[in-house]
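Here's the structure we're looking at; comments come further down.
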Amino acid sequence: MSILFSLRPYYFSWLKPTRMNKILLATSLLFLTAQLKAQWTSDPAVNTPLATGTASQSLRKAVPDGSGGTYVVWEESTFDQASQTNKSRILAQHLNSSGMTLWGNGITVSDPAKNTEAGEVISDNNGGFIVTWDYFEYDSQNNRISTSYDVYAQRINSNGQSLWTAGGLAVTADPGYQSTLEVTNFGDGGVVVGYLDSGIKLKLVRGDGSIAGSEIVLSTNPDAWIERLITGNDELSVIFSIENDNTDTNDYYIQRYDSQGSPVFGASGQLFLSTTWEPEVDLDNEWIVSDGQGGIFFLLMEEEVNNRLRLQHLSSQGTLSYPNSGIIVDNDTFGDAMLAADGQGGVVAGWTDTRNGQTGFYAQRYSLAGASLWPQEVAVLASEAQELSSSPVAEVMDDASFVFLLPGILRNSERLLVGQKVSSAGNLVWDPQGLVISSLPGYKFDPSIVENNNNIVAVWSNSPNGNERDVYAQGFSQSGVLPVHLLYFTASYKNQAVILKWETQTETNSDYFEVERSLDGKSFTTVARVAAAGNSISKISYSVNDQPAGVSSEILYYRLKQADKNGDITYSNPSQVKIRGLQDNIVSIYPNPTSNLLHIKMSSAKQAGYRYQLKDLNGRNITQNALGSEETLDLNTYPSGVYILEIRNNQETISKKIIKQ
């Protein structure tokens, strides 16, 4: 469970959406139309490349798709030799649970003819995601024109389709400079966008891409900045800061809007903290997290007092909870810190510290009242964190444990990405030296964590030469083991049997395999079980036969389930096999593909007791009814895509893929 993306969609009664977008296509059958590439590797020196080459790829975020897969969004920057100008665009990739890429080499989210400055990425809580960015222009000297900046957004579904205006929805394109800062969920598939525009403002975008109401002006001060947007309890909270030249401070404010859209803390918000420039006190916006009750936790680092780290809490009433500038987390940090919600109203703080001549990474968990919940600080990596290349991250898992990702110079000066898991009680779950997720040459930057189907996915940028960056991903189990490396899984039909074959390159702690069959590619049942090798560094081949007697489906779907001895489960991508064509003397379905009408015609001998059901790829019922000799379905109002038509009685089921153009 990713805390950063687990907020449920809240409805503000003062700006309820007028029309909900219902195009929801799950990833479970994308293999019908998309080319699949790659798969999780068990080699940390290889990983799964998502974007490599001469262009520089900067990862923005990875978010779950709600069906066991992961969306990855990044910005690509290149230099066009012909025009002698810089070019940039937003791209995205969809990974299934096995690490297969579902969108070829990735899809372009932004208008490729325009230049982008990447913004924020967030799940739409409906199986897709939303990304924001700025469009801007260059002048004749290849300098950015500040007054050309405008804020755009796009919502993408699981098929890779843009649900809003092609090339991006203009959140604000007024004259002057506008730039996106923060986003949070709003309504059913919408977002609140915070941006710069002669101060700081908010706009609410509904799930259908329409703008809800007019802009909300938070501050007209040109030195204002939005630090965090938080939705909860039918309210919207905004944490923002203003640089105060008169007092040489950064002043922090909270503003909250109730369910009626009224500001709770007056027109200007409530000042709750001022941090000085000299001596310098830092409050990074990554160190601000919600307490789930309308308040926030945040970290303060006092740079001129040995980087002393403090934890503070702001209540929903806008008052600080802890005295004396907050609880001292560590008196002498090495400068790196992180903060993550624990899913139970508290937080976990992490930081680097040098002890006994060794630099390590430590963590402690705190309750809402500020009490330490672990008996002692946990040495996530006791002596390995020589230098972090970017901020570490942590996420709470479904089992209430915490997974940390640390990028940098670790372990004998190697440039690694290392993970560690800490139980809810504060005990190390994995090897004390952590799990090496990536040992690719180069520095690792901007890691993201996604938990999917009891497994974990890490995504990050990798810089092999210090200039260009690539984007990589790696899946691993909750037990801290890189997965069995499955080379292939195939299904073929011969002599009334389906022959299933697969081969592994390596296996670690593997227990057994199960072959599962499905009529629709979504609901699977087990048809065979095979013992696994356990541990192996050599290729091993497996095969079983399945005789699907009594199945009247044109296509069957098979997938491979692999179980480790510790209970971890992973699935292969489904493989489809054609069993037989639907016989014209049983049923005729035409035209297919179709743009509007679909005709179903049964033979006179095959009419009694049949019903039809049309479903989308998420398994939701579109329409159904009893079937006589002939039926005509009007698909004109349905979104383009792939659907499944099932014709069944008590003895048999006929399944057919329908393509709506």
> Using beta carbons and a limit of 8 Å, which pairs, at least six apart or on different chains, have the first residue in the range 435-453 and aliphatic (A, V, I, L, M) and the second one open to solvent by 20 Å² or more (accessible area, probe 1.4 Å) and part of a strand (DSSP E or B)?
Replying inline: Leu440/Tyr472; Ile449/Val393; Val450/Pro64
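For (1) of a type in the set (D, E, K, R); (2) open to solvent by 20 Å² or more (accessible area, probe 1.4 Å); (3) within 22 Å of Asn307 (Cβ to Cβ); (4) modelled with pLDDT of 95 or more, each residue gets a yes or a no:
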site: Asp223; (1), (2), (3), (4): yes, yes, no, yes
site: Asn233; (1), (2), (3), (4): no, yes, no, no
site: Val238; (1), (2), (3), (4): no, no, no, yes
site: Ser241; (1), (2), (3), (4): no, no, yes, yes
site: Asn244; (1), (2), (3), (4): no, yes, no, no
site: Asp258; (1), (2), (3), (4): yes, yes, no, no
site: Ser262; (1), (2), (3), (4): no, yes, no, no
site: Gln270; (1), (2), (3), (4): no, yes, no, yes
site: Asp282; (1), (2), (3), (4): yes, yes, yes, no
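I'd like the full set of residues that are out of contact with any Pro (no Cβ under 7 Å at 6 or more places or on another chain) and within 18 Å of Ala363 (Cβ to Cβ), limited to the range 314-339.
Taking the range 314-339 and keeping what is out of contact with any Pro (no Cβ under 7 Å at 6 or more places or on another chain), we get 314-335, 337, 339.
Once the filter is applied, which keeps residues that are out of contact with any Pro (no Cβ under 7 Å at 6 or more places or on another chain) and within 18 Å of Ala363 (Cβ to Cβ), the range 314-339 yields Gly326, Ile327, Ile328, Val329, Asp330, Asn331, Asp332, Thr333, Phe334, Gly335, Ala337, Leu339.
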> In the set Val217, Val183, which member is surrounded by fewer than 21 Cβ atoms within 10 Å (Cβ to Cβ) and over 26 Å from Asp616 (Cα atoms)?
Replying inline: Val217
> Does Glu387 count as more than 27 Å from Ile230 (Cα to Cα) and modelled with pLDDT of 95 or more?
Replying inline: no
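Would you confirm, using the coordinates I've provided, whether Trp164 is in a strand (DSSP E or B) and either within 17 Å of Ala62 (Cβ to Cβ) or in contact (Cβ under 8 Å) with a residue 24 or more places away in the chain (or both)? Write out each step before concluding.
On the way: in a strand (DSSP E or B): no; either within 17 Å of Ala62 (Cβ to Cβ) or in contact (Cβ under 8 Å) with a residue 24 or more places away in the chain (or both): yes.
No; evaluated as a whole, the condition is false for this residue.
Can you tell me which residues in the range 609-627 are open to solvent by less than 50 Å² (accessible area, probe 1.4 Å), more than 17 Å from Ser588 (Cα to Cα) and modelled with pLDDT under 85?
Selection gives Asp616, Leu617, Asn618, Gly619.
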> When you scan the range 254-342 for strands (runs of 3 or more DSSP E) that lie fully inside it, which ones turn up with 3 or more residues that are out of contact with any helix residue (DSSP H, G or I) (no Cβ under 8 Å at 6 or more places or on another chain), aliphatic (A, V, I, L, M) and without any contact (Cβ under 8 Å) to a residue 60 or more places away in the chain?
Replying inline: 327-330
> When you scan the range 66-137 for strands (runs of 3 or more DSSP E) that lie fully inside it, which ones turn up with 2 or more residues that are open to solvent by less than 20 Å² (accessible area, probe 1.4 Å) and over 28 Å from Asp174 (Cα atoms)?
Replying inline: 70-80, 85-95
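So how many residues does the range 188-214 have that are in a strand (DSSP E or B) and either polar (S, T, N, Q) or surrounded by fewer than 18 Cβ atoms within 10 Å (Cβ to Cβ) (or both)?
So the count comes out to 3.
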>> Please go through the range 419-453 and give me each residue that is within 21 Å of Asp43 (Cβ to Cβ) and open to solvent by 70 Å² or more (accessible area, probe 1.4 Å), ordered by number.
In response: Asp431, Gln433, Pro441
> Name the residues in the range 628-638 that are at pLDDT below 85 and either open to solvent by less than 50 Å² (accessible area, probe 1.4 Å) or touching a Phe, Trp or Tyr at 6+ places or on another chain (Cβ under 9 Å) (or both), would you?
Replying inline: Gly628
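Applying the selection to the range 465-503, what residues are on the phi > 0 side of the Ramachandran plot and modelled with pLDDT of 80 or more? So that I can check it myself, show each step before the final result.
Initially, the range 465-503 is screened for residues on the phi > 0 side of the Ramachandran plot, giving 466, 480, 495-496.
Passing the criteria: only Gly480.
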> Is it the case that some residue within the range 340-355 is open to solvent by 10 Å² or more (accessible area, probe 1.4 Å), over 28 Å from the mean Cα position of the chain (by Cα) and either modelled with pLDDT of 95 or more or not charged (D, E, K, R) (or both)?
Replying inline: yes
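Filter the range 487-511 down to the residues that are hydroxyl-bearing (Ser, Thr, Tyr) and surrounded by 21 or more Cβ atoms within 10 Å (Cβ to Cβ), then identify the one that is nearest to Glu554 (Cα to Cα).
So the first thing to find is which residues in the range 487-511 are hydroxyl-bearing (Ser, Thr, Tyr), and the list is 488, 490, 492-493, 504, 506, 508, 510.
Okay, now just the ones that are also surrounded by 21 or more Cβ atoms within 10 Å (Cβ to Cβ), so 504, 506, 510.
Numbers: Thr504: 30, Thr506: 35, Ser510: 34 Å.
Applying the filter and picking the extreme gives Thr504.
The values are calculated or read from the model by the stated rules, or taken from the named source; none is laboratory data. Keep in mind that this is a model prediction, so the values were computed, not measured. Here Cβ is always computed from backbone atoms with ideal geometry, including for glycine, and neighbour counts include all displayed protein chains. With ligands, DNA and RNA removed, areas are computed over all heavy atoms of the protein, side chains included. Shrake-Rupley method; radii C 1.70, N 1.55, O 1.52, S 1.80 Å.
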